[in-house]
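The values are calculated or read from the model by the stated rules, or taken from the named source; none is laboratory data. The shown structure was predicted, so the numbers you read here are calculated from the model rather than taken from an experiment. Neighbour counts run over all protein chains shown; Cβ positions are idealised from the backbone, glycine included. When the accessible area is computed, the model is the full protein with side chains, heavy atoms only, and any ligands, DNA or RNA have been set aside. Shrake-Rupley method; radii C 1.70, N 1.55, O 1.52, S 1.80 Å.
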Amino acid sequence: MIDGSSVTHNAAAYDSTVGIQAGTVHNSNVYFVHPDASPQEKYKVGVRFLEDGIPSRARDMISDAIAHGHDNAEVRFHWVLAMLSARAYHDLSAEELQQLHHASGLVRTYAEGEWKDALRVAFELLAMLSTADGATERVLERLRSLSPRRRDEILHHFDLVLTGGLKDSLWTENRERAEAARFGNDRVQRVWAYFEPDPIGPRTLPPRPSTAAAAQAALPVRMGLFVVAAAFLCVLSLVADPAEAAVELLVALGAGVAATRFGSRWWYQEHQLKTRNRMLQVPHARDPASSGDGFTNRVRHSFDHYFSVRVPLGMTPHEWLGHTEHIRHSLVAEISVLYRESRIGVDRVDWLIRHLAEDARDRYSRGTLFDHRHTDQTPASAKALCVVALVVLGCTTLALLGTVASGAGASHVVLAVLAVAGVVWSGRAAASSWLEARGEERRLAEETKEYQERLATRRAAYENWKAFLDATRPSEQEMETWLTCDKTLFVDEALRHYQLSWRDLITHTILVTSARPYKRGRVKGGPWRYSRYSFRLFLVTQGGVREVSSEFDFADARRGSEQRSNYRFDALSSVQVTERSTAGYDLELVLTNGPARNIRVADADTHHLAPDENAQEIAEINLSAAGFIHTFRLLEGIAADGKGWIERNSPGNQPSFRAAG
């Protein structure tokens with residue numbers, strides 16, 4: 001079901017699922033890196049990856065920039081953030097730890113300034129991991145003395161690194177910042193635009209090909225026969241009675257000219273009206289295939305929806321749908337022909353369908369909805385003059401026969417009758433060819449003008465809609481900021497529920513996955529973002545694991561019911577990941593005292609990839625954004641070693657890190 005805000009809703013009963021509802025990839029160059037890009041350009045893209053919640057790609061890009069000589073305090077600061085973002089200290093490999101130690105020794109070589117101060121504080125925080133809580137006050141003071149932006153960056157990306165009393169001291173400020181920024185930048189009114197697909201360009205049916213050529217080809221022969229027959233009749237009448245025949249011929253000529261003048265416009269209008277009405281006729285029985293889930297059927301449903309919500313004043317939706325049935329049928333046929341392409345969903349054409357529904361409503365309000373039935377119509381006086389001219393022409397023809405009969409022999413009368421028959425037949429045929437040729441030329445000119453006007457109107461509607469989407473659609477950084485705020489407040493509520501402080505935690509992890517039904521979107525090269533999320537938080541304490549999960553509606557951060565479970569370390573018997581190329585990634589948790597629990601971590605997206613995107617790389621980006629890598633390593637370690645893993649990885653047992661800068 002789709003409402004007026006273009007948001008799709010589905011409902012599923014408990015323990016049932018609804019499939020993916022939408023998936024759109026915005027063709028943005030936000031992460032585009034030219035093969036010949038300079039180290040400075042690669043660094044800037046790396047920072048963008050980091051700000052948008054893709055630390056794995058940020059590490060690659062910034063490391064590449066450093067390897068090619070772009071190295072200073074600012075670059076190293078972001079490199080350290082990328083190394084530790086969404087990772088705990090024990091997630092680092094021995095090589096990465098060595099790189100961090102080496103980088104800490106370079107701090108003294110950088111120029112003094114804001115970036116060097118921030119880098120020094122970052123390394124001092126790492127050194128505090130194995131230090132008693134009382135020795136952290138000096139580092140906290142230096143952290144608070146940094147600019148708000150540098151301080152927030154450190155706290156955000158060091159989230160899984162900071163533990164114990166160090167994090168307790170900062171958590172209140174962190175929570176307050178999350179509460180302040182959670183609905184910032186008009187989140188509720190803008191999130192929908194992120195999942196709106198990029199509209200496809202405007203199209204309209206071109207003018208029908210002209211059939212004037214065939215009519216023009218037949219016209220000379222028919223006109224020649226008419227001239228010969230008319231000339232023969234004129235000769236016969238003039239021979240019989242020159243004076244009377246001359247008058248009758250002049251009257252016939254004038255009547256013929258008048259009938260041609262007033263009748264051509266009348267014929268053209270009637271012919272066009274019949275053609276348009278025939279095109280608008282709705283078949284009595286639709287093709288059975290139209291009841292399926294085909295493109296035409298989806299277009300029809302979209303037209304029905306938008307016409308039912310774009311209703312003129314004084315009419316009910318039911319009345320309006322009945323009143324516009326012919327128009328909607330014609331528009332459905334047009335849109336189906338114009339946009340029936342593979343991989344083009346109706347949602348990319350909804351902007352045009354909505355525009356056409358609004359246009360129909362506005363034209364009805366102006367009284368021009370069926371304007372082709374009454375605009376540019378032949379006046380009644382012109383029709384009357386045409387009829388009078390044809391009557392006069394018929395009477396004059398009979399008079400000519402009388403003239404021939406009164407002044408010539410019987411043989412001439414027979415010839416005159418044959419001549420009249422030839423004039424009537426050839427004249428009718430010549431008039432038909434001439435009217436068709438002239439009418440086709442006029443129709444083509446009118447339809448070309450209408451085509452250009454319709455295309456210009458639709459192009460303006462397209463540009464307006466696209467500009468509105470571009471202005472409304474949140475940036476990647478805004479989406480990531482809102483998601484981070486949601487996670488922070490979710491963790492805070494869980495801590496309050498269990499009456500835990502950060503001093504009580506050994507570590508924690510949060511797995512962020514999609515919650516069906518959902519709409520999803522991403523920029524090219526970025527991770528999927530969802531209209532509905534499932535948060536699953538694991539709090540690891542000395543007594544065991546506390547798990548809290550809940551579903552979120554991302555637009556307004558409304559949360560569904562929570563599910564909580566607690567289990568000892570030895571209750572988690574195994575953790576494994578199943579990768580399916582057509583279905584995505586599943587995480588399976590096996591507890592000794594219950595059934596296996598399957599968690600869908602990521603859906604397959606190979607059919608949504610751009611030609612120049614690497615499927616494996618995008619999959620890694622999505623898994624990293626979901627927090628899967630850290631979660632899997634944590635649960636895998638607990639399942640394998642139980643409490644022994646916890647004891648080895650407690651904050652007090654972390655390997656010491658000495659800040660050399």
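Restricting Leu313, Leu331 to residues that are open to solvent by 70 Å² or more (accessible area, probe 1.4 Å) and either at pLDDT 90 or above or among the basic types (Lys, Arg) (or both) narrows the list to Leu313. Taking helices (runs of 4 or more DSSP H) as the structural unit, those lying wholly within the stretch 609-661 and holding at least 1 residues that are out of contact with any Pro (no Cβ under 6 Å at 6 or more places or on another chain), modelled with pLDDT under 80 and more than 30 Å from Val107 (Cα to Cα) correspond to 615-625, 643-648. Among the residues of the stretch 501-515, is any of a type in the set (A, V, I, L, M), open to solvent by less than 20 Å² (accessible area, probe 1.4 Å), out of contact with any helix residue (DSSP H, G or I) (no Cβ under 7 Å at 6 or more places or on another chain) and not in a strand (DSSP E or B)? Looking through the stretch 501-515, at least one residue is of a type in the set (A, V, I, L, M), open to solvent by less than 20 Å² (accessible area, probe 1.4 Å), out of contact with any helix residue (DSSP H, G or I) (no Cβ under 7 Å at 6 or more places or on another chain) and not in a strand (DSSP E or B).
Here's the yes/no breakdown for (1) polar (S, T, N, Q); (2) more than 42 Å from the chain's Cα centre (by Cα):
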| position | (1), (2) |
| --- | --- |
| Asn72 | yes, no |
| Gln99 | yes, yes |
| Thr109 | yes, yes |
| Trp115 | no, no |
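Pull up the stretch 329-346, narrow it to residues that are closer than 16 Å to Leu205 by Cβ and of a type in the set (D, E, K, R), then point me to the one that is farthest from the chain's Cα centre (by Cα).
Keep residues of the stretch 329-346 that are closer than 16 Å to Leu205 by Cβ, which gives 329-341.
Adding the requirement that they be of a type in the set (D, E, K, R) leaves 334, 340-341.
Numbers: Glu334: 21, Arg340: 16, Glu341: 15 Å.
It comes out as Glu334.
Rundown of residues vs (1) surrounded by 15 or more Cβ atoms within 10 Å (Cβ to Cβ); (2) modelled with pLDDT of 75 or more; (3) in contact with a Pro (Cβ under 8 Å, 6 or more places away or on another chain); (4) not aromatic (Phe, Trp, Tyr), yes/no style:
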position	(1), (2), (3), (4)
Val575	yes, yes, no, yes
Glu579	no, no, no, yes
Tyr585	yes, yes, no, no
Thr592	no, yes, no, yes
His607	no, no, no, yes
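A search for C-beta distances below 7 Å between a residue of the stretch 310-334 that is of a type in the set (Gly, Ala, Ser) and any residue that is open to solvent by 40 Å² or more (accessible area, probe 1.4 Å), counting only pairs 6+ apart in sequence or on different chains, returns Ser330/Met279.
Selection of the stretch 26-51 for residues being outside any loop (DSSP other than H, G, I, E, B), of a type in the set (A, V, I, L, M) and open to solvent by 30 Å² or more (accessible area, probe 1.4 Å) yields an empty set. Within the stretch 435-486, can you find the residues that are under 21 Å from the mean Cα position of the chain (by Cα) and of a type in the set (Val, Ile, Thr)? Scanning the stretch 435-486 gives Thr457, Thr472. With respect to (1) open to solvent by 30 Å² or more (accessible area, probe 1.4 Å); (2) in contact with a His (Cβ under 9 Å, 6 or more places away or on another chain), the lone exception for Ala357 is condition (1).
Whenever a residue of the stretch 287-307 is farther than 14 Å from Ser330 by Cα and open to solvent by 30 Å² or more (accessible area, probe 1.4 Å), it has no partner that is of a type in the set (Asp, Glu) and at pLDDT 95 or above lying with C-beta atoms less than 7 angstrom away and at least six residues away or across chains. Going through (1) surrounded by fewer than 15 Cβ atoms within 10 Å (Cβ to Cβ); (2) within 30 Å of Ile646 (Cβ to Cβ) one by one, Leu155 falls short only on (1). Considering the conditions (1) more than 25 Å from Ser501 (Cα to Cα); (2) open to solvent by less than 20 Å² (accessible area, probe 1.4 Å), Ser531 is excluded by exactly one of them, (2).
Of all residues in the stretch 168-203 being over 17 Å from the mean Cα position of the chain (by Cα) and open to solvent by less than 10 Å² (accessible area, probe 1.4 Å), which is farthest from Ala471 (Cα to Cα)? So, considering only residues that are over 17 Å from the mean Cα position of the chain (by Cα) and open to solvent by less than 10 Å² (accessible area, probe 1.4 Å), the one farthest from Ala471 (Cα to Cα) is Leu170. Considering Val107, Val121, Val139, the condition of being open to solvent by less than 30 Å² (accessible area, probe 1.4 Å) and either at pLDDT below 90 or assigned to a loop (DSSP other than H, G, I, E, B) (or both) is satisfied by Val139 alone.
Taking the stretch 124-136 as the range and being open to solvent by less than 60 Å² (accessible area, probe 1.4 Å) and either more than 23 Å from Ala178 (Cα to Cα) or at pLDDT 90 or above (or both) as the test, the residues that pass are Glu124, Leu126, Ala127, Met128, Leu129, Ser130, Thr131, Ala135, Thr136.
Mind telling me which of the residues Thr457, Thr448 ends up being loosely packed, with under 13 Cβ neighbours inside 10 Å and closer than 30 Å to Thr211 by Cα?
Thr448
Might you let me know whether the stretch 52-68 holds any residue that is buried (at least 22 other Cβ atoms within 10 Å of the Cβ), within 31 Å of the chain's Cα centre (by Cα) and of a type in the set (Ser, Thr, Tyr)? There is no residue in the stretch 52-68 that is buried (at least 22 other Cβ atoms within 10 Å of the Cβ), within 31 Å of the chain's Cα centre (by Cα) and of a type in the set (Ser, Thr, Tyr). If only residues of the stretch 499-522 that are β-branched (Val, Ile, Thr), at pLDDT 90 or above and in contact with a Ser or Thr (Cβ under 6 Å, 6 or more places away or on another chain) are counted, the one that is nearest to Val30 (Cα to Cα) is Thr513. Considering only the stretch 398-412, state which residues are at pLDDT 75 or above and touching a helix residue (DSSP H, G or I) at 6+ places or on another chain (Cβ under 6 Å). Correct list: Ala399 only. Just a yes or no: is a residue in the stretch 412-421 closer than 30 Å to Val349 by Cα, open to solvent by 60 Å² or more (accessible area, probe 1.4 Å) and in a helix (DSSP H, G or I)? Scanning the stretch 412-421 turns up no residue that is closer than 30 Å to Val349 by Cα, open to solvent by 60 Å² or more (accessible area, probe 1.4 Å) and in a helix (DSSP H, G or I). Selection of first residues in the stretch 483-501 that are of a type in the set (A, V, I, L, M) and of second residues that are part of a helix (DSSP H, G or I) and surrounded by fewer than 17 Cβ atoms within 10 Å (Cβ to Cβ), restricted to Cβ pairs under 9 Å at least 6 apart or on distinct chains, gives the following pairs, ordered by first then second residue: Leu489/Glu179; Leu495/Asp504.
A search for C-beta distances below 6 Å between a residue of the stretch 55-73 that is within 26 Å of Gly627 (Cα to Cα) and any residue that is open to solvent by 30 Å² or more (accessible area, probe 1.4 Å), counting only pairs 6+ apart in sequence or on different chains, returns Pro55/Ala86; Met61/Lys42; Asp64/Lys42; Ala65/Pro39; Ala65/Lys42.
Taken over the stretch 389-415, residues that are under 21 Å from Gly254 (Cα atoms) and either touching a residue at least 60 places away in the same chain (Cβ under 8 Å) or among the hydroxyl-bearing types (Ser, Thr, Tyr) (or both) amount to 10.
Within the stretch 538-562, the residues that satisfy the criterion of being aliphatic (A, V, I, L, M) and farther than 13 Å from Phe490 by Cβ are Val540, Val545, Ala555.
Does the stretch 204-212 include one or more residues that are touching a residue at least 12 places away in the same chain (Cβ under 8 Å), part of a helix (DSSP H, G or I) and out of contact with any Cys (no Cβ under 8 Å at 6 or more places or on another chain)?
yes
If you filter the stretch 92-104 down to residues that are touching a residue at least 24 places away in the same chain (Cβ under 8 Å) and among the hydrophobic types (A, V, I, L, M, F, W, C), you find that the one that is most open to solvent (accessible area, probe 1.4 Å) is Leu97.
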